[in-house]
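Since every read-out is calculated from the coordinates, none of them should be taken as a lab result. Here the structure is a predicted model, which is why all the values come from computation and not from measurement. Note: ideal-geometry Cβ built from the backbone for every residue, glycine included; neighbour counts use all protein chains shown.
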Amino acid sequence: MTIRYEINPPKVSDPPSRIELLDERIEQISKFCDGIHVTDSVLGIERISPLLIGAEIKQKHPKLNVTISLRVIDKTISEITDIVDSAINANIDGILILMGDPSPENDYKSGVIPSFAAKHLIQNGFNEKINLFLSLPSKPNFEKISKKVESKPNGFVTQVVHDISQVKRLHDYLNPKNFEIIPCLLFPSQKNSRSAQFLNLDWSNYEDNFSSFVLEIESITGDVLLTSPNDFKGALDFLTRLQN
């Protein structure tokens, strides 16, 4: 069983207390999960580097499976390669390569897309030293994701899923091709309801028995990523009960 928890780095403009709070939360949650995924700012808002945070987590908790996101919209292949090389040196376990949005302060676009970045890294052997992941919609059109599949990453991390059938469909298509699949699940709580509305997510079929939902998905893929952007305490309590 692999249960990962997603954390969001503080904004660069946030006060030091936000960093201290993040450190405290990582210390708490690390006792009840198998891995931590550090996001990048897909909206382009400048945040503390997920590489720096991921490296610190791995140093303090070497047994945790630590993965980070890497947005490529404003990075050249050379910059991407340098970041991946630094992640390998920091013993980080995996990188999720995302497109992301341009920064509000800088609309520069490098022209690099995630599948091309993954293919370049794989051709240069980086996937033998670190797991490379690409993202997928929860219900993709498989013809439209052919470039991602053909780039042959180690696996895929989904956008938030809300139905077992979505996971089974992905598993049936990707598992025979030897790809890892990490479904992302949103913790159902009142504090996360705005996120659910934004994602057009229907959690009515699992909100009353989230444990069973998580365990059934994990039994299919062997891996789950839990996100709870506005309810850390609720997610921590849930993971505590799940592990006990």
**Prompt:** In debye, nearest 20: dipole of the chain around its Cα centre with unit charges on the Cβ of K, R (+) and D, E (-)?
**Reply:** 340 debye
**Prompt:** What nm distance separates the two modelled labels at residue 191 and residue 2, each placed 7 Å from Cα along Cα→Cβ?
**Reply:** 2.7 nm
**Request:** Search the structure for amide H atoms under 5 Å from the amide H of residue 226, placed 1.01 Å from N in the peptide plane, and list their residues when 5 or more places away or on another chain.
**Result:** 4, 5, 6, 185
**Sites matching chymotrypsin sites (Phe, Trp or Tyr not before Pro) across region 97-204 that sit in DSSP coil, with at most 16 neighbouring C-beta atoms within 10 Å** = 108, 142
**Fill in**
With only helices counted (DSSP H, runs n ≥ 4, each -39500 (n - 2.57)), the per-residue ellipticity at 222 nm for the chain, to the nearest 500, works out to -11500 deg cm²/dmol
**Request:** Return the sequence-ordered ³J(HN,Hα) values of region 111-119 in whole Hz as given by the Karplus equation 6.51 cos²θ - 1.76 cosθ + 1.60 applied to θ = phi - 60°, using x for Gly and Pro.
**Result:** x, 7, 10, x, 5, 5, 4, 4, 4
**Request:** Identify which of 182, 77, 97 has the largest mean-square fluctuation in a Gaussian network model of the chain, with springs joining Cα atoms closer than 10 Å.
**Result:** 77
**trypsin sites (Lys or Arg not before Pro) lying in DSSP loop within region 27-96, provided at most 11 other Cβ fall within 10 Å** = 31, 63
**Dipole of region 3-243, positive end: most advanced residue of 115, 192, 160 [Cβ charges, Cα centre]** = 115
**Complete:** Amide H proximity to residue 158 below 5 Å, modelled H, separation 5+ or other chain, gives 136, 182, 184
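Could you sort out which of 109/152; 119/177; 119/139; 109/144; 31/139 sit more than 28 Å apart by Cα distance in this structure?
Values: 109/152 24 Å; 119/177 16 Å; 119/139 23 Å; 109/144 22 Å; 31/139 32 Å.
Table pairs above 28 Å Cα-Cα are 31/139.
With viscosity set to 1.306 mPa s at 10 °C, what whole-number translational diffusion coefficient in µm²/s follows for region 15-55 from Stokes-Einstein and a Kirkwood radius over Cα pairs?
Working: Rh = 11.4 Å.
The Stokes-Einstein estimate is 139 µm²/s.
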